[in-house]
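Student: Okay, handing you the structure first.
The values are calculated or read from the model by the stated rules, or taken from the named source; none is laboratory data. For clarity, every value in this text was computed on a predicted model and none was experimentally measured. Positions of Cβ are backbone-derived with ideal geometry, glycine not excepted, and every protein chain shown enters the neighbour counts.
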Amino acid sequence: MSKYFAKRIGMALVTIFLVTCLTFLLMNAVPGSPWLSEKSPSEATLAALNAKYGLDKPVHIQLMKYLGNLLKGDFGVSLKMQKNRAVTSIIAEMFPVSARIGALALTWAVLVGVPLGCLAAFKRGKFTDSVLRVICTLGISMPSFVVASVLLVAFAGGLAVLKIFPTIFDPALGWRSYVLPCFSLGFYPMCYTARQTRSAMLDSLNQEYIKTARAKGLKNVKIIFKHALRNALIPVITYLGPQVAFTLCGGFVVESVFSIPGLGRYFVQSIQNRDYPVIMGTTIFLATFIILMNVVVDLLYKVADPRINLTKGGE
Amino acid sequence: MGEDKKMKRCPVTLQPDIENLLQDLSADDFSSASAEERADFIQERKSVSYWKDAWRRLRKNVVAMVALGVIIFLFLFAFVGPMLIPYGYEQFNKGAENLYPYHYTLEDQQRLDAEVAARTQSETLDVDQLIAQAKAEAEAKGEKFTKKDEAVIKAQAKVAAQTASDTPEADPNVIRQELGIKKHLFGYSVDELRRKAAGESVFPHVFGTDMYGRDIMVRVMYGARVSMAVGICAALLVLVIGATYGAISGYCGGRVDAVMQRFVELIYSVPEMLVVLLIATALKPILTEYVNSGGNSPMKAFVNILGPNLISMFIAFGVLYWVTMSRIIRGQVLQLKQQEYVTAARALGASGGRIIRQHLLPNCIGQIVVTTCLQIPSAIFLESFLSYLGVGVSAPLPSLGSMATDALSGMYTYTYRLIVPSVILSVMILAFNLFGDGLRDALDPKLKK
């Protein structure tokens, strides 16, 4: 077990290292520099700026220096968007905003999606199943910007009667401003979870031990939630692990639509602005988070199904 | 034959009564079959091929067939549609800016204008008339009429007109309702209506136009074309890379497989969305610079034809999304390579490549088709996501995602501009998803639940 985790963590470190290098090289390959703006600075200023931030050195030396700093926990400072502010402090400010919305979104997605999937599997082939299937297929077919903008049109100004929620996210307005972003962020995961749960539940409802449970005279609720669901959770966990990281770091699109000052929107803006250290910092942060979640997922497998033997590759 | 056979034996026994059977047969029964009977026999045993069987199952699936119909319709819409419409996607139709997807007839508009004029008589004096009047007055007084005075009058007139239209009795919508003016399908500009009245044939703006007077229908068609092209090409790319990689990994096995699978795991744990976003952003300017760098080479021409943004998207997709496909193929190949026919082929001296191409891949064709088909909607999804964020397909080529972004600014007044591309995009992804699901059920009966 410990050997397995040592291997996993080693693998994770290699991945993070590769993502870091890849991002760094990609960023440097892009023509244009962060100093481009309407009033183009003079050659001397450019040279001075490049020297100050170490951009005049060859790429591999920059990369080495960056990796060295990274080990010390130094992500560098923003070059453009919030000049000279440490990237770590930017992430520390943006992440909680995204995380709050993301956590709410995923919570409702799981709390609704999993039971809906169970219901669909239990009522297989009946009317309820068909309706749920239509909704969920529709849900995974609508990009989040479609969901978000349709919600905006419907509930935030399109019709005077239904203008319930604010268009722009503002924590001062309380729960109202959370409703639309959380709904649109959680809609896709909800539908996906429901679909996954349904097919996994169908598998596990066909198993012998369910027959045994029925023969024992257990109630349906108990059969589904205690016996069948536990085994059906594996694919759901597999999906949700990386999804947690993604959602907590903010939907890129949803944050743009609702002008939420979160990490996702900031990442997209930093790409457009070529603010290298911010791009690097956010990417590494998110990548680490996702990779960490993958390790957590492995641990959760064991909790959901103690029969799983991780050391044997699980095949 | 044997109808008058008597049941003399113990009724419980399961043994066939051969002796009786033979006794009942006459010499006639051994004559050779007539041509008709032979034909009948062959008819009955008509072999059902894998694809025919799958097609039969697919045809029974109403949802999948409807989805297929929608896909074919969208395909025609995207690839044949633009030829039928006399507008280009980058054509600014003067005088047809901001058209709604509906219009009012010319007579109705005249009635409306008359009504508005009647209600707000004093305010709607012609600006030019006012200026002329003021000019005359000024000249009569012997003063100079300056540009400034003219501007003041214009501004006053504008304010007056605004307040006039703000007052409830002059609101065009209210008046239209009172007069019973109805909306008619499709957008026409006033000029186009006049030409139409004059007997010219004018193609309507079915979905209206945007702020520059570009026809939304044509733009949506081109957008759908881009989406479909990206979806299908990306899926094919994934198919080629994934199938090759998976088949080699599975067939070779052993150490080669172990190393190749480590690499797959590595790519699996890379945050896809993030890297795709990065690659698409970074490669686009690189490729653009490459195309613009002068000189001629076939590679450059190729990049130029497809456009740097499409290629960067393909690369992003090709780099990351083949892993699922490769895993599926590898699993299948691992199973199949134990079969006797593979051993036989190897004994006959077939090379590894030949065995993979001729024996292994054709045998997992079902899985390959299904996975490829389900890859299309996810590629379309990704393309629209990137375009929406402004790093995907870029102007002048329209994309459904970027059309939706453009529409955000006026989404309450011009909701249709947001709705039209969104609906087409969603329907397209939905149709591909449903068809893929149906295909999976049809090709892989084991999976059918």
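Student: Quick one: which residue in B:Gly250, B:Gly242 is assigned to a helix (DSSP H, G or I) and within 14 Å of chain A (Cβ to nearest Cβ)? Even if it seems obvious, please write down each step before you answer.
Tutor: Working: B:Gly242 fails: within 14 Å of chain A (Cβ to nearest Cβ).
After applying the criteria, what remains is B:Gly250.
Student: Of everything in segment A:261-312 that's closer than 17 Å to B:Val276 by Cα and among the basic types (Lys, Arg), which residue is modelled with the highest pLDDT?
Tutor: Checking each candidate, the answer is A:Arg265.
Student: Of the residues in segment A:119-151, how many are facing chain B (nearest Cβ under 9 Å), over 19 Å from B:Phe432 (Cα atoms) and without any contact (Cβ under 8 Å) to a residue 12 or more places away in the chain?
Tutor: Counting residues in segment A:119-151 that are facing chain B (nearest Cβ under 9 Å), over 19 Å from B:Phe432 (Cα atoms) and without any contact (Cβ under 8 Å) to a residue 12 or more places away in the chain gives 1.
Student: Where in segment A:204-315 are there helices (runs of 4 or more DSSP H), lying wholly inside it, with at least 2 residues that are among the small types (Gly, Ala, Ser) and more than 11 Å from chain B (Cβ to nearest Cβ)?
Tutor: Working: elements: A:208-215, A:229-248, A:252-257, A:263-273, A:276-304.
In segment A:204-315, the matching helices (runs of 4 or more DSSP H) lie at A:208-215, A:276-304.
Student: Which of the residues belonging to segment B:390-414 are at pLDDT 80 or above and either under 15 Å from B:Lys284 (Cα atoms) or small (Gly, Ala, Ser) (or both)?
Tutor: Correct list: B:Ser399, B:Gly401, B:Ser402, B:Ala404.
Student: If you check B:Leu277 against the conditions, is it in contact (Cβ under 8 Å) with a residue 60 or more places away in the chain, in a helix (DSSP H, G or I) and within 8 Å of chain A (Cβ to nearest Cβ)?
Tutor: Here the answer is yes, as B:Leu277 does meet what is asked.
Student: Within segment B:390-410, track down each residue that is surrounded by fewer than 24 Cβ atoms within 10 Å (Cβ to Cβ), assigned to a helix (DSSP H, G or I) and facing chain A (nearest Cβ under 9 Å).
Tutor: B:Thr405, B:Ala407, B:Leu408
Student: Please determine whether any residue of segment B:184-197 is of a type outside the set (A, V, I, L, M, F, W, C), part of a helix (DSSP H, G or I), modelled with pLDDT under 75 and loosely packed, with under 12 Cβ neighbours inside 10 Å.
Tutor: No, there is no match, as no residue in segment B:184-197 is of a type outside the set (A, V, I, L, M, F, W, C), part of a helix (DSSP H, G or I), modelled with pLDDT under 75 and loosely packed, with under 12 Cβ neighbours inside 10 Å.
Student: Hey, can you tell me all the residues within segment B:412-427 that are out of contact with any Pro (no Cβ under 8 Å at 6 or more places or on another chain) and under 14 Å from B:Pro377 (Cα atoms)?
Tutor: Correct list: B:Ile424, B:Val427.
Student: Name the residue, out of A:Thr15, A:Thr45, A:Thr23, that is more than 14 Å from chain B (Cβ to nearest Cβ) and modelled with pLDDT of 70 or more. Step through it out loud before you land on a result.
Tutor: Numbers: A:Thr15 fails: more than 14 Å from chain B (Cβ to nearest Cβ); A:Thr23 fails: more than 14 Å from chain B (Cβ to nearest Cβ).
Only one candidate passes the filter, namely A:Thr45.
Student: While we're looking at this one, here's another question. Restricting segment B:433-443 to residues that are more than 8 Å from chain A (Cβ to nearest Cβ) and within 17 Å of the chain's Cα centre (by Cα), which is surrounded by the fewest Cβ atoms within 10 Å (Cβ to Cβ)? Before the answer, list the steps.
Tutor: Looking only at segment B:433-443, we keep the residues that are more than 8 Å from chain A (Cβ to nearest Cβ), and these are B:435-436, B:438-443.
Remaining after also requiring within 17 Å of the chain's Cα centre (by Cα): B:435-436.
Numbers: B:Phe435: 25, B:Gly436: 22.
Ranking the candidates gives B:Gly436 first.
Student: Taking the criterion of being in contact with a helix residue (DSSP H, G or I) (Cβ under 6 Å, 6 or more places away or on another chain) and within 11 Å of chain A (Cβ to nearest Cβ), would at least one residue in segment B:356-364 satisfy it?
Tutor: No, that holds for no residue.
Student: Sort out which residues of segment B:321-379 are outside any helix (DSSP H, G or I) and within 21 Å of B:Val276 (Cβ to Cβ), and write them in order of number.
Tutor: B:Tyr321 - this is the single residue of segment B:321-379 that is outside any helix (DSSP H, G or I) and within 21 Å of B:Val276 (Cβ to Cβ).
Student: Every residue in segment A:282-304 that is surrounded by fewer than 24 Cβ atoms within 10 Å (Cβ to Cβ) and over 28 Å from A:Lys3 (Cβ atoms), please.
Tutor: Selection gives A:Phe285 alone.
Student: Looking at B:Ser326, is it farther than 19 Å from A:Ile279 by Cα, surrounded by fewer than 18 Cβ atoms within 10 Å (Cβ to Cβ) and more than 9 Å from every other protein chain (Cβ to nearest Cβ)?
Tutor: On the way: farther than 19 Å from A:Ile279 by Cα: yes; surrounded by fewer than 18 Cβ atoms within 10 Å (Cβ to Cβ): no; more than 9 Å from every other protein chain (Cβ to nearest Cβ): yes.
Against the criterion (farther than 19 Å from A:Ile279 by Cα, surrounded by fewer than 18 Cβ atoms within 10 Å (Cβ to Cβ) and more than 9 Å from every other protein chain (Cβ to nearest Cβ)), B:Ser326 does not qualify.
Student: Looking at B:Thr413, B:Thr371, which is the one that is more than 9 Å from chain A (Cβ to nearest Cβ), farther than 28 Å from B:Met211 by Cβ and not small (Gly, Ala, Ser)?
Tutor: Numbers: B:Thr413 fails: farther than 28 Å from B:Met211 by Cβ.
Only one candidate passes the filter, namely B:Thr371.
Student: Kindly indicate the residue of segment B:280-303 that is within 28 Å of the chain's Cα centre (by Cα) and hydroxyl-bearing (Ser, Thr, Tyr) and also farthest from the other protein chains (Cβ to nearest Cβ) among those meeting that condition.
Tutor: B:Thr288
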